[in-house]
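Q: Structure below; questions to follow.
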Amino acid sequence: MIPPAASEPAPAAQRSRLRLPGVGILTRLPPEEGSKAADPDANPDFDALTNFGEFAFLSDPRQSSPPPAQLAFTSGGDLALTFAQRSAGVRYTIRKSGDLNVWQDATSEFEQVASDPADGGERTTWRYTGALEPELFFSVEAAASE
């Protein structure tokens, strides 16, 4: 489950794991917002994604964006997860939880079924192959690749 948009930046303890310390990634910001561009944990548009999250999911750090991942059932009844991702420099992990407290890596329970080019990367769709449970939540984690 991707967190809803917020009107104020989330406290550090509630931020997602989208972090890339020490890297200036937002060269698109105007000069008057330069200090925000240098901080990957900043959220100048208050949309629940840090600057690194905007970078990782190919969105604009100056404009509020919808949640970066969409989860839906296909016409064939499969559960599909779609999100934009960078071609290089970021590692993505799909996680699942039955209670929103304990999360586990579920990347191996997804198979990529579609990929469309996007500016700086691609928009990918993944089919869930695991067992559906009465309460099941998903999250996409992005981290800098080493």
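Taken together, the values in this text are just the output of simple stated rules run on the coordinates, not laboratory data. Predicted model only: the values in this text are computed from it and were never measured. In this analysis, Cβ positions are derived from the backbone assuming ideal geometry, glycine residues included, and neighbour counts consider all displayed protein chains.
Q: So if each residue of separation counts as 0.36 nm, and I subtract the Cα-Cα distance between A131 and S115, what length gain in nm does that give?
A: Once the chain is fully extended between A131 and S115, it gains 3.4 nm.
Q: Follow-up question, since we're still on this one. Which far-off residues, 5 or more places away or on another chain, put their amide H under 5 Å from the one on F110, with H placed in the peptide plane?
A: T129
Q: Considering only the other residues whose Cβ falls under 12 Å of the Cβ of Y128, what net charge follows from Lys and Arg at +1 and Asp and Glu at -1?
A: Once positives and negatives cancel, what remains is -2.
Q: Just to confirm the filter: which GluC sites (Glu not before Pro) across region 34-111 are DSSP coil and have at most 13 other Cβ within 10 angstrom of their Cβ?
A: none
Q: Any number yet on Rg/Rh for region 40-97, C-alpha, Kirkwood?
A: Radius of gyration relative to Kirkwood radius: 1.03.
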